[in-house]
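Heads up, the thing below is written out as structure tokens.
The values are calculated or read from the model by the stated rules, or taken from the named source; none is laboratory data. Everything quoted here is computed from the prediction, not taken from an experiment. Because the Cβ atoms are built from the backbone with ideal geometry, glycine has one as well, and the counts that use them run over all protein chains shown.
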């Protein structure tokens, strides 16, 4: 959360996390909830421009799980590093979470390092408890504040989403700002709600035959890997840093413009029974815009 693009307002005493760091919790968890205004430019932490997200209701997950340690560490973190947060080096990008509004804090919730949450106050139930929203993971929170480091269940929400939470079928309307003040939320991963269709693929800015960087979205159950077909065999594509929806491909033949991929979901299963997606680079030499969508065929 860069200071200029992420204004934080948040919440709550850290509750015990029942999950191993870096592994998605199998059951709902409760933690502090902050908000931020928008994804960075040209991409959020997952490698997607905000304009092409599946939903404008989106969240960021913690990069680190380092209570009372506010140092910076290179990203991506080494596999199995205990400092890994719910972001899981980008592996939870593109997944959906169901978020439920919980208790309101009457104290001070400023996210100050080495300070307790909800100081000089308590958490109380009010008329917004139980409001829900389904949101997509699109960004990461790596700041050196208590929210992003001390609370493994912290969730950072799109600011515009706060008053769109629904309770008994009606938008809450006025939870923010007067009734927000760093609330608890409870959240869990869910399959993409009402999923239809198939994945979407787009080349990123600077992509070319020698650097086939794409982002993959509209995911039924997240994304944990991509294979590309080149030289007559399948190869595991490298994630683009820790932007979990972006992978770097090679074409089917050296210096060619045709690409073939298959995609793995969060359960490390090939999606759609191993469906192969074939497409070509749509840019003359290199792609100049942040995201250039492609059409594809399947087999």
Per-region count, the range 237-256, residues part of a strand (DSSP E or B), more than 13 Å from residue 43 (Cβ to Cβ) and touching a residue at least 12 places away in the same chain (Cβ under 8 Å): 4
Residues located in the range 64-84, provided they are within 20 Å of residue 225 (Cβ to Cβ) and touching a strand residue (DSSP E or B) at 6+ places or on another chain (Cβ under 8 Å): 76, 77, 84
Criterion: under 21 Å from residue 243 (Cα atoms), modelled with pLDDT of 95 or more and either within 16 Å of the chain's Cα centre (by Cα) or not in a loop (DSSP other than H, G, I, E, B) (or both) - qualifying residue of 33, 60: 60
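Residue by residue, here is whether (1) surrounded by 15 or more Cβ atoms within 10 Å (Cβ to Cβ); (2) at pLDDT 95 or above; (3) part of a loop (DSSP other than H, G, I, E, B) holds:
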{"residue": "175", "(1), (2), (3)": "yes, yes, yes"}
{"residue": "188", "(1), (2), (3)": "yes, yes, no"}
{"residue": "194", "(1), (2), (3)": "no, yes, yes"}
{"residue": "213", "(1), (2), (3)": "yes, yes, no"}
{"residue": "221", "(1), (2), (3)": "yes, yes, yes"}
{"residue": "229", "(1), (2), (3)": "yes, yes, no"}
First in the range 260-271 and closer than 14 Å to residue 92 by Cβ, second anywhere and surrounded by 19 or more Cβ atoms within 10 Å (Cβ to Cβ) and modelled with pLDDT under 95, Cβ under 6 Å, 6 or more apart: none
Of the criteria (1) surrounded by fewer than 18 Cβ atoms within 10 Å (Cβ to Cβ); (2) under 15 Å from the mean Cα position of the chain (by Cα); (3) at pLDDT 95 or above; (4) assigned to a loop (DSSP other than H, G, I, E, B), which one residue 98 fails: (4)
Sole exception among (1) in a strand (DSSP E or B); (2) farther than 15 Å from residue 226 by Cβ for residue 287, by number: (1)
Filter result for residue 131 (surrounded by 24 or more Cβ atoms within 10 Å (Cβ to Cβ), modelled with pLDDT of 95 or more and either in contact with a helix residue (DSSP H, G or I) (Cβ under 7 Å, 6 or more places away or on another chain) or under 27 Å from residue 218 (Cβ atoms) (or both)): no
Search result, residues across the range 200-211 that are in contact with a strand residue (DSSP E or B) (Cβ under 9 Å, 6 or more places away or on another chain) and either part of a strand (DSSP E or B) or within 16 Å of residue 270 (Cα to Cα) (or both): 200, 201, 202, 203, 204, 211
Flag for residue 238 being surrounded by fewer than 19 Cβ atoms within 10 Å (Cβ to Cβ), outside the structural domain of residue 136 (by TED's automatic domain parsing) and either at pLDDT 95 or above or within 19 Å of the chain's Cα centre (by Cα) (or both): yes
Where residue 284 falls short, out of the listed (1) modelled with pLDDT under 95; (2) in contact with a strand residue (DSSP E or B) (Cβ under 7 Å, 6 or more places away or on another chain): (2)
